[in-house]
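Enquirer: The structure that follows is given in the form of structure tokens.
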Amino acid sequence: MTAGTGARRYHLGSTEIVYLALVGILVVAGVLVAVRGGNLFAQGNVSYMLTQTSLLGFVAVGQTLVVLCRSLDLSVGYVVALCSLIGATTMAGDPSRVWLGVVAALAVAAGVGLVNGLIISALRVNAFIATLGMGLIVKGFLDTRFKGPEGEVPFAFQTFGYTRIGPVPVSTIVMLLVAAAAFVLLTRTRAGYHMFAVGGNLDVARLSGVRTGRTLVLAHVLCSLCAGVAGLLIAARFGTGNALVYSYGLDLDSIAAVVLGGTLLFGGRGSVIGTVGGVAILAVLDTAFNVLDVNPFFKDVLRGVIIIAAVALYARRQIDPASRRVRFGAKGSASRGGDVA
Amino acid sequence: MTTGLSQETAQGTARGTARQWRERLLSGGSWTVLALLVVVLVVIVVINPSFAEPVSLMAFAKKAAPLVVLAVGQYFVIVSGEFDLSVGSLVGAQVVIAARLMDGDEALTWPVLALMLVFGLLVGLVNGLVTTLLRVPSFITTLGMMLVLFGAIRLWTGGAPTGALSESFRVLGRKGFPDVPGQFQVPYALLVALVVVGFAVLLMRRPFGRSLVAAGDNAVATAYSGAPVWWLRTRAFLLSSLLATVAAVLIGGFAGVTAQVGQGLEFMAITAVVLGGVALGGGRGTVVAAMVGALALEALFTLFNQLALPSTIRPAVQGVIIIVAVAYAARRRRT
């Protein structure tokens, strides 16, 4: 956005842009709501906004790890549905089985992630196909095995879905803790650095001694685990597990949030903090549309336009000329050379 | 289907030829998916011999034609290194637009068809230009377009599609060549699909097709060799949307108007193309293989029907098949 003549000296990273965009959207939405005589920052609206961030937040944080490795996970929506059902049916309304339910759901999620990662790294199947296929497999299982909401979540665990500290839901706090853990993983640990390396260039990473397969598998397991936590959150909110959660479009939404957060879809660059910003942007939009009483179908239209426009705004910065060696002089960048034939 | 063959000289002793064929069939490329298609069709015929009758085969062709057309469109985009996730909602949008605007009025058939073409091309142009000039990854561009079309159509119709398609509009998707019900007929949909495939094969042999594959393989090298990569890719998106419009005419004719028309078709088309051995990321695979992939996918669905699998388990089987097929193709390619 500041890519102008004199702006080169102060380098604005894409995470800063995400948060500037978030502030901009908050201001615009706040003004629009105020003009209509409402208050976007009333406590009810703020907690709705924060509640909205938690579900997508879990999935998007996990998705960030995978996208950073130049992979992607289209099965997360189905994993969320699966884990909500496994958690709720294992708990079966018994408060003493809460931990069992949580462990069972997370174990299944990790298993799905493990299979995803192995199919991608060992069988060398394109991530798009591998996770789309895995999603279809889980969908087939869900549709055959469960005929509607099943299981019962004991009240003790439902508090995970509803308790609030002031206006801030506990689920949002947990989401932010998960995001912080992912942040530490990516910026302070060897596994995190390896993820950037694998996403930046798989062959170079392998030649440098990174075990690329393990890194990919780890990213996929963590991504599915995050989806599993989202599934448990759904179970806690609904009080039962529900297969229809997969029709929420969490998979594509999470990828949109990740990319909106400034993470490069082609891997190797990005941050969890940006993703949280991307999730927050989507949540603010959703809340504003609700308060403004926008037609739900119009919401889809606006969301599509905003996602494309936002990504178009950063796209120019992400392929940052400063970070690349110039080989053949300044002009003639790759994808737009030549004239109209 | 000689595109794969023409690159190698098929001469030699009988044993050499046999070995060549075995390698070709097992290589994971276009011949493998053809073998898969034949195997699936044979299994169907074994289970249900009446499937081999011309009437049932033509019914199969009629049902498969829209997916073939969509797969060909998706092929152009995928081979150039991009994705088009918007085709499913574009098909839905076109059918709903047609029904709402013509509302069963025969006189409006041609004007509405012309409008659909313009609309389709416009969608393709926006997809292409946003992807190439604004450098938004095509996954996001077409995902956004999918949301926009999905929402806009429901906003416009108030949630449920209204109106009806005129009879002459539905001819292409529904009717056949000697138009006697219950008798053998060559469906118009099959002819449309054949024309589309023929046109696509010709196009891929022309400089446009060659440069498109080159752009998918290595966009930088293609740009330095003087080809306008952005315009090549934009044309691929235009072709994809154009063929989605053709598929919408076929699907609308075949199945009529419902709120769910087109849902999930984008993933079906991508699956079909990938099943044909076309590499996601571009630069590899033939358009005929994409067509065979679409036929194989449709044949598999027919097989599931014959086996009377519970309809809920079908996605799982489909998932296993695409993973296995792509894993099989990847096994050879890297060695």
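Enquirer: Assuming a ≥ b ≥ c are the square roots of the Cα gyration tensor eigenvalues, decide whether chain A counts as rounded (a/c under 1.5), prolate (otherwise, with a/b larger than b/c) or oblate.
Expert: The shape class here is oblate.
Enquirer: Hey, rough spin-label estimate for B:VAL320 and B:ALA114, points 7 angstrom out along Cα→Cβ, what's it come to in nanometres?
Expert: About 5.3 nm separates the two model spin labels.
Enquirer: Just want the ordering: B:MET291, A:MET49, from fewest to most Cβ atoms lying within 10 Å of their own Cβ. Spell out each step's value before the answer.
Expert: Numbers: B:MET291 29, A:MET49 24.
Least crowded to most crowded, the residues run A:MET49, B:MET291.
Enquirer: Shifting gears a bit: Residue by residue through the stretch A:202-207, what is 3J(HN,Hα) from phi via Karplus (6.51 cos²θ - 1.76 cosθ + 1.60, θ = phi - 60°)? Round to whole Hz and write x for glycine and proline.
Expert: Each residue's phi maps through the Karplus curve to give 4, 5, 4, 4, 5, 5 Hz.
Enquirer: Taking 8 Å as the Cα distance limit and 6 or more residues as the minimum spacing, I'd like the relative contact order of the stretch B:51-296 as a percentage. Before the final figure, lay out each step's value.
Expert: Working: 445 pairs, mean separation 100.3, N = 246.
In percent, rounded to a whole number, it is 41.
Enquirer: Using the number of other C-beta atoms within 10 angstrom as an exposure proxy, rank A:TYR162, A:TYR246, A:TYR78 with the fewest first. Before the final figure, lay out the partial values.
Expert: Details: A:TYR162 13, A:TYR246 23, A:TYR78 29.
Ordered by Cβ neighbours within 10 Å, fewest first: A:TYR162, A:TYR246, A:TYR78.
Enquirer: Less than 20 Å from a label point 7 Å out along the Cα-to-Cβ axis of B:THR162: which backbone N atoms in the stretch A:269-300 qualify, by residue?
Expert: Answer for this model: A:295-299.
Enquirer: Rank A:LEU177, A:PHE238, A:ASN201 by how far each Cα sits towards the positive end of the charge dipole of the stretch A:142-238 (+1 on Lys, Arg Cβ; -1 on Asp, Glu Cβ) and give me just the farthest.
Expert: It is A:ASN201, whose Cα lies furthest towards the positive end.
Enquirer: Averaged across B:149-160, how many Cβ atoms of other chains sit within 10 Å of each residue's Cβ atom? Please report the intermediate quantities before stating the final value.
Expert: Details: counts 3, 4, 11, 5, 3, 6, 7, 1, 1, 2, 3, 0.
So the per-residue partner count for this stretch is 4.
Enquirer: Counting alpha carbon pairs within less than 8 Å and at least 6 residues apart, what relative contact order, in whole percent, applies to the stretch A:14-318? Provide the component values of the computation, followed by the final result.
Expert: On the way: 549 pairs, mean separation 111.5, N = 305.
Relative contact order for the stretch A:14-318 comes out at 37 percent.
Enquirer: Moving to a separate point now. Could you give the distance between the Cα centres of the stretch B:71-104 and the stretch A:92-135, to the whole Å?
Expert: Value for the Cα centre distance between the two parts: 33 Å.
Enquirer: While we're on this one: The stretch B:167-207 to the stretch B:116-166: how many Å between their Cα centroids?
Expert: 25
Enquirer: Where does the charge balance sit around B:VAL257 when Lys and Arg score +1, Asp and Glu -1, over other residues with C-beta under 14 Å from its C-beta?
Expert: Working: positive: B:ARG100, B:ARG154, B:ARG170, B:ARG174; negative: B:ASP103, B:GLU167.
Summing Lys and Arg as +1 and Asp and Glu as -1 gives +2.
Enquirer: Here's another thing I want to ask about it. With Cβ to Cβ distances under 11 Å as the rule, what net charge do the other residues near B:LEU232 carry (K, R +1; D, E -1)?
Expert: Working: positive: B:ARG210, B:ARG233, B:ARG235; negative: B:GLU82.
Result for the local shell: +2.
Enquirer: Looking only at other chains, what is the average number of their beta-carbon atoms within 10 angstrom of each beta-carbon in A:259-272? Display every interim value, and only then the final one.
Expert: Working: counts 5, 1, 0, 0, 0, 1, 5, 2, 0, 0, 0, 0, 0, 0.
Partner-chain Cβ atoms within 10 Å, mean over residues of A:259-272: 1.
Enquirer: Most fluctuating residue of B:ALA308, B:ALA200, B:ALA255 in a GNM of chain B with Cα springs under 10 Å: which is it?
Expert: In this elastic network of chain B, the residue with the biggest mean-square fluctuation among B:ALA308, B:ALA200, B:ALA255 is B:ALA308.
Enquirer: With a ≥ b ≥ c the root eigenvalues of the C-alpha gyration tensor of chain B, is it rounded (a/c under 1.5), prolate (a/b larger than b/c) or oblate?
Expert: Oblate, since a/c reaches 1.5 and b/c is not below a/b.
Enquirer: While we're here: Sorted from fewest to most neighbouring beta carbons within 10 Å, what does the list B:SER225, B:SER56, A:SER75 look like? Could the numbers behind the result be given before it?
Expert: Numbers: B:SER225 13, B:SER56 16, A:SER75 30.
With the sparsest Cβ surroundings first, the list reads B:SER225, B:SER56, A:SER75.
Enquirer: Provide the packing ranking of B:57-63, A:66-72, i.e. peptides ordered by the mean count of other C-beta atoms within 10 Å per residue, highest first.
Expert: On the way: B:57-63: 18.3, A:66-72: 27.4.
The densest-packed peptide leads the list: A:66-72, B:57-63.
Enquirer: Label the protein assembly as shown by shape, choosing from rounded, prolate and oblate, from the square roots a ≥ b ≥ c of the eigenvalues of the Cα gyration tensor; if a/c is under 1.5 it is rounded, and otherwise prolate applies when a/b is larger than b/c, oblate when it is not.
Expert: Values: a/c = 1.40, a/b = 1.32, b/c = 1.06.
In terms of gyration-tensor shape, rounded.
Enquirer: Ranked highest first by average number of other Cβ atoms within 10 Å, how do B:30-41, A:110-121 line up? Working shown, then result.
Expert: Numbers: B:30-41: 20.2, A:110-121: 22.9.
Put in order of decreasing packing, that is A:110-121, B:30-41.
Enquirer: Using the Cβ atoms and a cut-off under 14 Å, what net charge is assigned to the surroundings of B:ILE313, where Lys and Arg are +1 and Asp and Glu are -1? Don't skip to the end; give the middle numbers.
Expert: Working: positive: A:LYS139, A:ARG145, A:LYS147, B:ARG314; negative: A:ASP143.
It works out to a net charge of +3.
Enquirer: On a straight-distance basis, which lysines could pair with A:LYS147 in a cross-link, Cα separation under 24 angstrom, same-chain partners fewer than 8 positions away excluded?
Expert: Within reach: A:LYS139.
Enquirer: Further question: Please list A:177-189, B:165-177 highest first by mean number of surrounding beta-carbon atoms within 10 Å per residue.
Expert: So the order, starting with the most tightly packed, is B:165-177, A:177-189.
Enquirer: Please compute the modelled spin-label separation between B:LEU134 and B:ASP105, points set 7 Å along Cα→Cβ, answer in nm with one decimal.
Expert: The modelled label-to-label distance comes out at 3.5 nm.
Enquirer: When the helices in chain A are scored as -39500 (n - 2.57) per DSSP H run of 4 or longer and the sum is shared across all residues, what 222 nm value do you end up with, to the nearest 500 deg cm²/dmol?
Expert: Details: 13 runs with 232 residues, N = 341.
Using -39500 (n - 2.57) per qualifying helix, the result is -23000 deg cm²/dmol.
Enquirer: Given the DSSP H assignment, sum -39500 (n - 2.57) over each helix run of at least 4 residues in chain B and divide by its residue total; what's the result at 222 nm in deg cm²/dmol, nearest 500?
Expert: Mean residue ellipticity, 222 nm, calculated: -24000 deg cm²/dmol.
Enquirer: Please average, across the residues of A:294-304, the number of beta carbons from any other chain that are within 10 Å of each residue's own beta carbon, and give a whole number.
Expert: Working: counts 0, 5, 4, 10, 4, 3, 11, 10, 3, 4, 14.
Per residue, the number of nearby Cβ atoms from other chains is 6 on average.
Rule-based calculations on the coordinates, nothing more; no lab input. For clarity, every value in this text was computed on a predicted model and none was experimentally measured. Neighbour counts run over all protein chains shown; Cβ positions are idealised from the backbone, glycine included.
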